[in-house]
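Read through the structure below, which is laid out as structure tokens, and then see the notes.
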Amino acid sequence: MPFEFSHPYEFDPAYSRPVAYFCMEYAIHQSFKIYAGGLGFLAGSHMHSAFDLKQNLVGIGILWKYGYYDQVRKADQTMDILFQEKVYGFLQKTGIKFTINISGHEVWVTAWYLSPAVFNTVPMFFLSTDLPEKHQQDELDAACLYELLEKEVIPLYYDYPQTWLEIMKEGMRDIFPQFDSARLARQYYKELYNSITVS
């Protein structure tokens, strides 16, 4: 591994087994805007608790380039949203780079490191695709998604909550048959668990 890191404590024997904790968002500190709500607060609290309990745990998440949106006020004092690129001086470059296959092409990913000393958490890594190797199409796709969120999805949620609710209900009715837990468990067992060969 091209990047060395360590926990700033001796592991409690009760928690010495190494664990990697993956989450889409972490509410670690108000200045680190990579969270939206409940899941983030739960995951962030776990990172602080693991530090306090001296667990052998690392957190892995996503470094959202624009964070979750900022709420601002329009001239008429109604709420609006702002996607603004975030830069965090407390994150360290790791030099770690790898590719993952998404929709048939390789996407370059890097990892940024958050030291436990910054916010009293376990060591944490945040994945980002913001690299020179990124395909131009990936950049265009991301920009289109952010624009869709900013111009259509979020205003619909805030300005027309009943319409939003009906769209969500219709979507759930349409996709529910594809996402029952028994089918997911069978697929997981067949494709992931059962494919591992024990030597």
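The values are calculated or read from the model by the stated rules, or taken from the named source; none is laboratory data. Computed from a predicted structure; not experimentally measured. Reconstructed Cβ throughout: ideal geometry from the backbone, glycine too, with neighbour counts over all protein chains shown. Note: accessible area is taken over every heavy atom of the protein model, side chains too, but ligands, DNA and RNA are not part of it. Shrake-Rupley method; radii C 1.70, N 1.55, O 1.52, S 1.80 Å.
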Exclusive hit being out of contact with any helix residue (DSSP H, G or I) (no Cβ under 7 Å at 6 or more places or on another chain) and in contact (Cβ under 8 Å) with a residue 40 or more places away in the chain, set PHE22, PHE32: PHE32
Unmet criterion (only one of (1) of a type in the set (Gly, Ala, Ser); (2) closer than 30 Å to GLY59 by Cα; (3) more than 17 Å from the chain's Cα centre (by Cα)) for GLY171: (2)
Is it the case that some residue within the range 98-106 is open to solvent by less than 60 Å² (accessible area, probe 1.4 Å), in contact (Cβ under 8 Å) with a residue 24 or more places away in the chain and not polar (S, T, N, Q)? no
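Results for (1) in a helix (DSSP H, G or I); (2) hydrophobic (A, V, I, L, M, F, W, C), shown as yes or no for each residue.
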position: TYR88; (1), (2): no, no
position: ILE96; (1), (2): no, yes
position: VAL107; (1), (2): no, yes
position: PHE126; (1), (2): no, yes
position: ARG173; (1), (2): yes, no
Kindly provide the set of residues from the range 109-119 that are part of a strand (DSSP E or B) and not polar (S, T, N, Q), ordered by number. VAL109, ALA111, TRP112, TYR113, LEU114
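This table checks each residue for (1) within 14 Å of LEU114 (Cβ to Cβ); (2) surrounded by fewer than 17 Cβ atoms within 10 Å (Cβ to Cβ).
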{"position": "PRO8", "(1), (2)": "yes, yes"}
{"position": "ASP12", "(1), (2)": "no, yes"}
{"position": "PRO18", "(1), (2)": "no, yes"}
{"position": "CYS23", "(1), (2)": "yes, no"}
{"position": "GLN30", "(1), (2)": "no, yes"}
{"position": "ALA36", "(1), (2)": "no, yes"}
{"position": "LEU39", "(1), (2)": "no, yes"}
{"position": "PHE51", "(1), (2)": "yes, no"}
{"position": "VAL58", "(1), (2)": "yes, no"}
Any residue in the range 79-95 that is modelled with pLDDT under 95 sitting within a Cβ distance under 8 Å of a residue that is assigned to a strand (DSSP E or B) and of a type in the set (Asp, Glu)? List the pairs, counting only those 6 or more apart or interchain. ILE81/ASP70; LEU82/ASP70; PHE83/ASP70; GLN84/ASP70
I'm trying to understand the selection: among the residues of the range 66-97, which are basic (Lys, Arg) and either over 23 Å from GLN137 (Cα atoms) or surrounded by fewer than 16 Cβ atoms within 10 Å (Cβ to Cβ) (or both)? ARG73, LYS74, LYS93, LYS97
